[in-house]
Each structure stands twice: as C-alpha cells, then as structure tokens.
Amino acid sequence: MNRTYILLGLILAVLLVLPLMLSKYMLGIFIMMYYYAYLGQSWNVLTGYTGHISLGHALYVGIGAYTSVFLAQRYGLSPWIGMFAGGVLASLIGLFLGFLGFRFGLRGVYFVILTIAFAEITRLIVSHIDALGSFTGIFLDFNPSFKNFQFKGNIPYYYISLGFMVMSLIVVRILETSKAGRFMVAIREDEEAAKALGVNTFKYNMFAIAVSAFMTSLGGCFYANYIFYLHPNTMFGMSLNIELILRPIVGGLGTLFGPVVGSFILTPLSEVSRAYFAKGGMEGLHLVIYGIITILVVLFMPKGIIVYLKKWLKPILSKE
Amino acid sequence: MAILTIQHLTKKFGGLIAVNDLSFEVETGEILGLIGPNGAGKTTVFSCISGFETPESGKIDFQGQSILKKLPFEICRLGMVRTFQIVKPFPAISVLDNVMVGALLRENSVVKAEKEAHRIIHFVGLEKMKDTEAKGLPLPLRKRLELARALATKPGLLLLDEVMAGLNPTEVDELIKLIQEINREGVSILMIEHVMRGVMALSHRVIVINYGQKIAEGKPDVVVQNEAVIEAYLGKEFINAKSA
C-alpha cells in the first residue's frame, strides 16, 4: 500500500516538472489527457460505479461551459465562481433526468435513450437561443487574467487541468471507500438485492447522478476557457458523448485509475494520429484506429487495461 | 406475541390468484416453516411481505406496524430481511464487501461495519473466502453468503427462501446447525423450504399452502400426516391407493 503511494507521488512529481521540458504542442496533448481523464472519471461515478449507462454526458459539459461563459460575458462573473453555478445547474438537470429514469424504472437501453435525448434536446434548444449564440456559437474575448480563467500560453492550463484530474481522483477515492460509494457499487451489482438489504436505491442513484453531473460540468467550464469557442454541436454533440466514455471503458470501468490509464493511452494516440493522417490527406482515419483499439480492448481485456497494469506492477508494489 | 401478522392476503397476477385470502402469524422467537408444492405461491407470499410486490388486499403487520405501503428498503430497516431463492450476490465484489453492504445499514462508520462483517463471515464459516469475488463461490457458499449478508442487517425476522435447495446432506446438516444458532440469538425465522430434512429439524410450526391457500398448520410431524397435505404433494390417487 505504501509503495503504491510512493509510485503515485513519483508520477505526480514528474508530471509537475514536465512543463519545463515540453513544447507547446506537447503541453496541449497533456492538457487534453488530463481533461479527458477528468471527464471520464466524472462519468465513471455514474456509469462505472453505479452501473447506469449514460451516453449523454456531453449535456453536462455543455451546461458547465455555457453557464460559466454566459455569466462571465453578461455579468462579468469570474468563471471560477460561474463554474459552480454551472455545476449546480448541471446537477439539477441530472437530478431531473434521474428522477424520470429511476422513479419510473427506466433501465438499461431505455435509460441510455433518455440520456441521449436530454443531450440532443438541449443541443437543439441552445442552437436556437440567440443569447447563447445560437448556431454560430460563442467566441470568448481573450482577456488574460486569473480572475477571467484565461492565460497566455499553455502552462497555467496544464497545471489547472492536472489539478482537476488529481482532485477527481481524490474525490472518487473518498467516495469509493465511503458508505455511499459502497451502496452505489451494490446497486450496480444487483439493484434488487441492494433494496432487500435496506439500501435506499433511489436516493443513492440520485446522489450518483448529481455528483457525476456536477463534476462533468466543471470540466466544461475549463474547456470553454481553454478553447475560447463554444458551439452547440461540439459542446453537446454525440461525438463528445462518445469521446467521453471511451477512455474509462478502455482503461477500466468502475476503477479509480481506469479513466486515467485510458486517457493516457487514447488521448495521445488520438492527437498524434489525427495530426499524422491529416497531413497525408486522410482526415478521420484516426477514428478508425481508435475504434479498432476500443474493439480489441473490449474483446480481449473486458475489464480494461488497468487490470493488466496492476498485475505487472504487483511484484514491485507488494514488496514491503 | 406475534412479530409478523398476515391477514387475508390476496395477490393476483392477471387472472392467476397466486395467494388467496391467506392468514397466519409468526410468533416472536419461533422458526416457522412455509411449505407447499411448486407453484403454491410461497415465494409470492415472501415478495408481498418484503415489499417487492403489492398485494391486492389484506393486511401485513410487522411488530404491530402496518408495512403494506412500505418499500423493500424501509422494511429491511424495520428489521425484516429476505434472502432470494435464486441467490443474488454482488458478483464482482469480494465476500467481505458483500457482507459490508448489509452491515452498513446499521452502521455509518465503514471501519465498524467492516469489523461487524468480519464477525458475521466468521459466524457463517466463510473466512477462507472473504477476499474472493462472490461470483467465484460455489452454490453452497453463495447460499451462505446470502445468509451472511441478510444477518449483517441485524434483523428481528429473517425470511429464508429455499436456502437448502441444491445442497448435499452434509451441507444441509451444517446449515441446520447454523440456522438454529441464529434462532438462539433471538432472530425469528420464516422459511420456505423443500428439503424436508431441514423443515423437520428446524420448524417449531409449519404452514402448508397450496394454490395460494392455507391447507394445514401445526407441528411438523403432525402436519406431514395430514391427508390434505399428502394429497397436495402426491395427488388423490395416492390416498385412494393407501386406503384401498
């Protein structure tokens, strides 16, 4: 156990000094790695730990991004505060979705459809609201300052995204070992049995979706202020819904480090292969490679890469 | 005093009357056997009592309080817990984690719940398997796990649904001892059971139902002599052949 913490500490130390030797391009890749690890972890709370498959988590990313940007542009509210307003709004929408799904017993495929429907409906609504930029989206003015959550260069974004990822690991670790987390896993494993053992499954389902939505939307605020451009199709769209879940699935669903491992493998692959194939005039081919890797992992490592990683690391970590 | 009182319970599934005007009581501290041929409605009775099904009519009182409108988790909190005939372990987590879910009902501290889970795992004899994933357990041990998890919720009344089915005689005898011990600690037990060896050894009283109706009630050795019971299990021909 001690050695695990030492290893994690070492990795964190390396990640902390890394910006000193990385190019801007490489920094960008790392930022996306942390960002997708963070989103994957947020999604993992609902789907990996509690067992309800959401294919509409882009909804919360979009809510977080649009809310914080709207509040900043209209009322000059710092995104650091607006981000939590977005979080609360995302939680409320998540709770409403959860209420429909959990109270009326929508499970499996029906729950999945509900989550997609919510994301798509919100995308269409936002596409038609002028105050939110409708189809053209919103361009953010570049006004670098800490208060505005905008910075020159990638280094501050690097540390913020790293901080997000580390925070999500800490939060999920606490959750995982808590009473609530154990009840969530019980629900994932067998909801009927959990009820029979006195677990208020409705309450813990609602808790899981609220936490998951809140965390996801904070990521959306970060992304908006990193990219400086919001568009309904990228913030609420289907492709983000899928991007978001691939990493935890490949890394290991319902595990603490699964989303991180998945993102550290898939994100660089995606970025590098995208650039590589785009040069050769074969845009989109990276998605094919991506798809093949996902299929291979699901077929041959259904529990995710983390399981094998743990096996390889075991001899090193178990020595006292 | 009765810990559980059931009056005129009726449950229909479409046109099928699964439980028909059934009344009985479980006395505090007793082991009551609920037996009857396949399809007699025993498991439906359990599902109604534990809140998984809503009966069409009738009253169910647990410790003097109506639990008719209560949800399964609320009923468990009041102190009545069921096991499932087709066991429902949490497959991908360890035996210890399985039992801890039950223990956390009465205990907010995870550390204390773990201690309690260890105690119960020891009590049912699963220590060697405590770190095994539940899906890796053979059926007899899964049944024990089902029992351990239920016990961890500290019930006043334990509903056991065929915990002995599929076990060999040695395993049945071990389980009989275990259930007796649970009962000695003050837990009332209502059990559905087909394994007559278990029913005869454990039950203080037995209720026999057929087509959702009670056809006999009394001490186990008396009930098995009852003609209506023999008829329900073996058919009229058997009785006719015997008396001819």
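The values are calculated or read from the model by the stated rules, or taken from the named source; none is laboratory data. This structure is a prediction, so every number in the text was calculated from the model and none was measured. Neighbour counts run over all protein chains shown; Cβ positions are idealised from the backbone, glycine included.
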Inset, instruction - Considering (1) under 22 Å from the mean Cα position of the chain (by Cα); (2) closer than 30 Å to B:Phe46 by Cα, say which one A:Ala193 fails and leave the rest. - result: (1)
Inset, instruction - Identify, from the list A:Ala186, A:Ala196, A:Ala180, the residue that is under 27 Å from A:Leu299 (Cα atoms) and facing chain B (nearest Cβ under 10 Å). - result: A:Ala186
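Table: residues versus (1) over 15 Å from B:His194 (Cα atoms); (2) without any contact (Cβ under 8 Å) to a residue 40 or more places away in the chain; (3) in contact with a Lys or Arg (Cβ under 9 Å, 6 or more places away or on another chain).
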residue	(1), (2), (3)
B:Gly136	yes, yes, no
B:Arg144	yes, yes, no
B:Leu147	yes, no, no
B:Lys154	yes, no, yes
B:Thr170	yes, yes, no
B:Leu175	no, yes, yes
Inset, instruction - Provide a single number: the residues in region A:229-253 that are over 20 Å from A:Ile293 (Cβ atoms) and buried (at least 22 other Cβ atoms within 10 Å of the Cβ). - result: 4
Inset, instruction - Quick one: which residue in B:Val81, B:Val87, B:Val111 is surrounded by fewer than 14 Cβ atoms within 10 Å (Cβ to Cβ) and within 14 Å of chain A (Cβ to nearest Cβ)? - result: B:Val111
Legend entry - Residues within region B:220-240 that are free of Cβ contacts under 8 Å to residues at least 12 places away in the same chain, within 21 Å of B:Gly41 (Cα to Cα) and more than 25 Å from the chain's Cα centre (by Cα), tallied: 2
Inset, instruction - Identify the residue in region B:19-43 that is surrounded by fewer than 22 Cβ atoms within 10 Å (Cβ to Cβ) and among the small types (Gly, Ala, Ser) and, among all such residues, is nearest to B:Glu185 (Cα to Cα). - result: B:Gly29
Inset, instruction - Go through region A:62-77 and give me each residue that's at pLDDT 95 or above and either closer than 26 Å to A:Phe202 by Cβ or not in a helix (DSSP H, G or I) (or both). - result: A:Ile63, A:Gly64
Legend entry - helices (runs of 4 or more DSSP H) completely within region B:138-244 that count 2 or more residues being at pLDDT 95 or above, of a type outside the set (Phe, Trp, Tyr) and surrounded by 14 or more Cβ atoms within 10 Å (Cβ to Cβ): B:139-152, B:169-184
Inset, instruction - Kindly indicate the residue of region A:152-177 that is within 14 Å of another protein chain (Cβ to nearest Cβ) and within 19 Å of the chain's Cα centre (by Cα) and also farthest from A:Tyr226 (Cα to Cα) among those meeting that condition. - result: A:Glu176
Inset, instruction - Consider A:Gly153 carefully, then state whether it is part of a helix (DSSP H, G or I) and either small (Gly, Ala, Ser) or modelled with pLDDT under 95 (or both). - result: no
Inset, instruction - Examine region B:49-61 for a residue that is in contact with a Ser or Thr (Cβ under 8 Å, 6 or more places away or on another chain), over 20 Å from B:Ile179 (Cα atoms) and within 14 Å of chain A (Cβ to nearest Cβ), and state whether such a residue exists. - result: yes
Inset, instruction - Can you confirm whether region B:54-64 contains a residue that is surrounded by 19 or more Cβ atoms within 10 Å (Cβ to Cβ) and either touching a Pro at 6+ places or on another chain (Cβ under 9 Å) or aromatic (Phe, Trp, Tyr) (or both)? - result: yes
Legend entry - Residues within region A:216-264 that are in a helix (DSSP H, G or I), in contact with a strand residue (DSSP E or B) (Cβ under 7 Å, 6 or more places away or on another chain) and not aliphatic (A, V, I, L, M), tallied: 1
Inset, instruction - Examine region A:81-96 for a residue that is modelled with pLDDT under 95 and of a type in the set (Ser, Thr, Tyr), and state whether such a residue exists. - result: no
Legend entry - B:Ile182 away from chain A (no Cβ under 14 Å), in contact with a helix residue (DSSP H, G or I) (Cβ under 6 Å, 6 or more places away or on another chain) and within 26 Å of A:Val199 (Cβ to Cβ): no
Inset, instruction - Give A:Tyr226, A:Tyr204 a once-over and let me know the one that is within 14 Å of chain B (Cβ to nearest Cβ) and either crowded, with 23+ Cβ neighbours inside 10 Å or of a type outside the set (Lys, Arg) (or both). - result: A:Tyr204
